[in-house]
Structure formats: structure tokens, C-alpha cells
Amino acid sequence: MKPHPFPFINEGSKTIQFHLKMGAASHVSLSGTFNKWSTSELEMTHVQDDDWLIEIPMLPQGKYYYRFLIDDKMWIEDIENQLREPDGVVGFYSVLTI
């Protein structure tokens with residue numbers, strides 16, 4: 001069982017931690033409205049087996065949409081985060097509210 005939900009907002013350290021389980025990936029990026037959907041700015045770290053992790057500085061209050069980009073080819077929503085909204089095409093955006 002995980003110690004907390006993801007994304008994890010750490011008020012003490014003023015950071016936000018994102019986590020993804022993706023065994024078949026060789027590269028994972030975090031992309032969203034908070035970084036203008038940049039695909040190269042927030043590269044996740046492969047921490048063990050199929051676990052990927054990134055910690056970013058706290059964002060200003062607001063509502064943000066994000067996804068993970070796998071191997072520069074496939075977009076997926078955050079399956080650990082149940083908050084999502086339709087993307088207007090065929091998928092979903094994950095939602096982060098600060």
C-alpha cells in the first residue's frame with residue numbers, strides 16, 4: 001500500500017511528487033499546462049524496476065492538466081490520480097488542483 005496518493009503535494013518541502021509505474025518504458029516525461037506542455041522540460045527518473053518519479057517545485061494555486069509522455073510516442077493519463085477530465089478528442093487529462 002502506498003503511503004500517500006499521487007500526485008503527492010508536500011506542503012513542508014513545497015514540492016509536488018509524481019509517480020508512474022511503467023515497465024516497458026525507456027524514457028518518461030511529465031507534461032502539462034504548468035510547463036506549457038513541454039515534452040523535454042520535466043524528465044522523470046527511473047528509480048527501480050518499473051517505477052518512475054519526478055518532484056517539482058510547488059505550483060501557484062489553481063487547476064492544472066497533465067499527462068505522461070512515454071518514449072516520445074505515447075501519451076497516458078496518471079492512473080494513480082482518479083481526477084481526470086476529457087481532453088476533447090479521445091482521451092483524458094489528469095487533473096491537479098493546488
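Details
- For the stretch 49-73, a residue qualifies if it is outside any loop (DSSP other than H, G, I, E, B) and within 18 Å of residue 36 (Cα to Cα), and the qualifying residues are 54, 55, 56, 57, 63, 64, 65, 66, 67, 68, 69, 70.
- Of all residues in the stretch 49-64, those satisfying the criterion of being of a type in the set (A, V, I, L, M) and more than 13 Å from the chain's Cα centre (by Cα) are 58, 59.
- Of all residues assigned to the stretch 30-42, at least one qualifies as being surrounded by fewer than 16 Cβ atoms within 10 Å (Cβ to Cβ) and under 15 Å from residue 98 (Cα atoms).
- Hits in the stretch 74-95 - residues which are small (Gly, Ala, Ser) and assigned to a loop (DSSP other than H, G, I, E, B): 88, 91
- Checked against (1) under 13 Å from the mean Cα position of the chain (by Cα); (2) of a type outside the set (Phe, Trp, Tyr); (3) part of a strand (DSSP E or B), residue 46 meets all criteria but (1).
- Criterion violated by residue 71 - all others in (1) modelled with pLDDT under 95; (2) at positive phi satisfied: (1)
- Matching residues, the stretch 10-43, being within 9 Å of the chain's Cα centre (by Cα) and either more than 25 Å from residue 86 (Cβ to Cβ) or part of a loop (DSSP other than H, G, I, E, B) (or both): 17
- Within the stretch 47-80, the set of residues being under 28 Å from residue 12 (Cα atoms) and in contact with a Phe, Trp or Tyr (Cβ under 6 Å, 6 or more places away or on another chain) comprises 54, 59, 64, 65, 67, 77, 80.
- Selected residue [on the phi > 0 side of the Ramachandran plot and at pLDDT below 95] from 62, 88, 12, 23: 88
The values are calculated or read from the model by the stated rules, or taken from the named source; none is laboratory data. As the structure is a computational prediction, the values presented were derived from the model and not from experiment. When we count neighbours, we look across all protein chains shown, and the Cβ atoms used for this are built from the backbone with ideal geometry, even at glycine.
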